[in-house]
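Heads up: the structure comes next, in structure tokens.
The values are calculated or read from the model by the stated rules, or taken from the named source; none is laboratory data. Bear in mind the structure is a predicted one, so any value in this text is a computation, not a measurement. Here the Cβ positions follow ideal geometry from the backbone for every residue, glycine too, while neighbour counts run over all protein chains shown. SASA here: full protein model, heavy atoms, side chains in, ligands and nucleic acids out. Shrake-Rupley method; radii C 1.70, N 1.55, O 1.52, S 1.80 Å.
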Amino acid sequence: MSEMAIFANLLHNTMKAILLSLLFPAMLTACAQSGKPATDMATYASYGDSITANGALTMEEFAKATAHTDSLDTKVRAEIIGSCGKKGCWMDVKMADGSSMKVRFQDYGFFVPTSGLEGKEVVMQGHAVKAVTDVAMLRHYAQDAGKSEEEIAEITEPKMNWNFTATGVLIKQ
């Protein structure tokens, strides 16, 4: 091979290396931005398993999806009504019909803040099940929520409602 051919080959390879070194960071940035923008994720506090807000059902969509079933593995978006004031081991979210759904965290593996969540948006992934909550548990929840003795004593009937066991939670800040 002539010196000119060697030089041309070396120049060609050097130009490819320079071009790739310039394009590679741009390609990485483009790929990273193709999912949920980092600025959106920065507005959420994350608890439990790492999840994204992508694909979360609204509570209206949840109501439709559960119209003919008593359980569902899903991701939902809701408004927080309140949380456990003692440990943050549960929270209540607003259903489409104005009632509430109790949310607990899988295997008590994580907790949420004990106050300041009211009115915030939450995205949670896990398993929803329709079940009866007995009077003792309803009174326990009322006590954790800081209800008065009179309010707790007024709980005399079990309640049929949706319960959600979350594996991951995002709370909008």
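Of note:
- Relative contact order %, the range 80-153, counting alpha carbon pairs below 8 Å whose residues are six or more apart: 32 percent
- Surface share of carbon and sulfur [accessible, 1.4 angstrom probe, percent] for the range 75-163: 49 percent
- The slack in the chain from Lys64 to Val129, taken as 0.36 nm per residue of separation less the alpha-carbon distance, amounts to 22.0 nm.
- Inter-site label distance for Ala136 and Cys89 at 7 Å from Cα along Cβ, in nm: 1.5 nm
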